[in-house]
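In what follows, a single structure is set out as structure tokens and then discussed.
The values are calculated or read from the model by the stated rules, or taken from the named source; none is laboratory data. Because the structure is predicted, anything quoted here is derived from the model rather than measured. We place every Cβ from the backbone using ideal geometry, glycine too, and count neighbours over all the protein chains shown.
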Ligand SMILES: Cc1ncc(COP(=O)(O)O)c(CNCCCC(=O)O)c1O
């Protein structure tokens with residue numbers, strides 16, 4: 001059995017998990033159903049659960065639920081546990097740290113691991129210029145702070161985000177996010193001075209080039225906002241929740257060049273694409289993009305909540321002392337996890353593994369597409385791959401079929417997620433610690449779910 005160098009050897013303390021899909025009850029099983037009832041009586045209904053099994057253990061490429069079912073993980077907790085769930089190095093680092101001290105608030109008393117994480121991010125993010133980093137907890141919090149920093153540095157207020165963008169669920173980041181339901185509907189009003197520009201969406205924009213799409217976006221920005229008022233452009237190098245939309249080559253570099261020429265801060269939101277997920281350490285590396293600010297989270301700490309804003313030192317140092325902060329930002333346990341996670345990525349060939357995984361997924365999905373026109377597009381890079389589901393007669397999005405296929409995969413013990421402005425994208429975000437055998441079995445399940453739908 002070929003397994004990734006990232007696969008857990010002997011998990012420390014954790015249960016030994018059989019790296020094989022195995023169902024012993026219906027999905028969800030009886031214990032999960034009991035917990036689901038309790039959840040309904042105790043947790044806000046707005047907190048939904050995509051696949052309502054409750055987890056007992058996870059690692060490698062599987063999740064084991066409280067009923068003893070072992071499911072294949074094609075979601076990584078939404079692109080978080082790329083290094084593997086309960087990755088041994090992370091477990092060891094966190095165990096040691098939690099026994100030393102759990103919290104000081106870095107703004108009260110510092111600790112070395114925060115500095116080490118900042119030094120590491122300044123080193124590995126694109127660009128050899130001097131950088132600074134600020135640590136937070138969630139992706140949305142980091143995006144909020146990236147915008148604060150850009151506005152402070154430029155003295156300008158407007159911000160441009162793109163069609164199909166997703167940047168979070170806080171007030172400002174909801175304003176930056178494009179899709180209304182479920183993220184924004186009913187939660188307004190939203191922050192002011194946020195503008196939207198057209199995205200390069202090769203499958204749906206008539207195949208215009210990256211340069212043409214950038215020219216279209218820049219013209220709209222110049223006419224509807226004006227560079228003199230614009231603090232920042234924020235964009236995901238591959239859009240995540242909006243549908244794994246990979247812009248045409250040249251789109252991002254053209255936007256970045258325009259921003260630089262117009263004293264506009266270019267922010268790359270790599271919350272979902274960062275840390276080897278796309279077959280580069282960061283998706284920005286793919287076109288040699290050097291953002292002024294990069295936002296990271298998710299894959300950074302193997303499951304512990306941590307996010308970061310890393311950017312040009314002149315930009316990051318502009319705000320007055322005390323202007324940025326928060327109680328838990330860069331907490332010591334998450335910093336310990338991040339250092340272990342990044343070290344594991346660096347030492348275990350994560351980038352090559354992500355590329356291998358992408359080759360396997362694209363090969364299988366393009367094979368399905370050749371015989372099934374309902375698969376309109378297969379796209380993405382590395383271990384961030386998706387297929388867009390359509391009505392082949394009209395190319396219209398088919399959200400109903402998408403949901404049906406995902407539900408069938410869940411019932412068969414494969415955790416697969418959907419996304420997209422139109423709800424018609426099935427996305428694959430496996431942990432880089434997954435084995436080729438689990439990938440093959442999981443994709444067989446998706447194949448059969450499509451065939452029966
Ligand atoms: C690019 C990009 N920027 C920002 C964020 C926000 O990160 P937080 O850690 O969820 O706040 C995300 C989070 N994506 C998953 C959201 C899941 C959901 O809430 O339904 C992202 O993908």
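Here are the numbers:
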| item | result |
| --- | --- |
| Hey, residue 383 modelled with pLDDT of 95 or more, out of contact with any strand residue (DSSP E or B) (no Cβ under 8 Å at 6 or more places or on another chain) and buried (at least 16 other Cβ atoms within 10 Å of the Cβ) or not | no |
| Test result for residue 156, within 16 Å of the ligand (Cβ to nearest atom), farther than 22 Å from residue 286 by Cα, surrounded by fewer than 24 Cβ atoms within 10 Å (Cβ to Cβ) and in contact (Cβ under 8 Å) with a residue 40 or more places away in the chain | no |
| Count of segment 121-162 residues which are part of a loop (DSSP other than H, G, I, E, B) and closer than 19 Å to residue 272 by Cα | 4 |
| Hits in segment 1-30 (condition: crowded, with 16+ Cβ neighbours inside 10 Å, in contact with a helix residue (DSSP H, G or I) (Cβ under 9 Å, 6 or more places away or on another chain) and at pLDDT below 95) | 3, 4, 6, 8, 11, 14 |
| Some residue of segment 131-143 being more than 16 Å from the ligand (Cβ to nearest atom) and more than 20 Å from residue 268 (Cβ to Cβ) | no |
| Filter result for residue 285 (away from the ligand (no atom under 16 Å from the Cβ) and closer than 20 Å to residue 308 by Cβ) | yes |
| Residues being touching a residue at least 60 places away in the same chain (Cβ under 8 Å) and either over 17 Å from the mean Cα position of the chain (by Cα) or more than 11 Å from the ligand (Cβ to nearest atom) (or both) - total across segment 165-180 | 1 |
| Selected residue (only one of 326, 250, 349 is out of contact with any strand residue (DSSP E or B) (no Cβ under 9 Å at 6 or more places or on another chain), in contact (Cβ under 8 Å) with a residue 12 or more places away in the chain, farther than 27 Å from residue 419 by Cβ and surrounded by fewer than 24 Cβ atoms within 10 Å (Cβ to Cβ)) | 349 |
| Residue among 291, 253, 332 that alone is within 15 Å of the ligand (Cβ to nearest atom) and either modelled with pLDDT of 95 or more or over 22 Å from the mean Cα position of the chain (by Cα) (or both) | 291 |
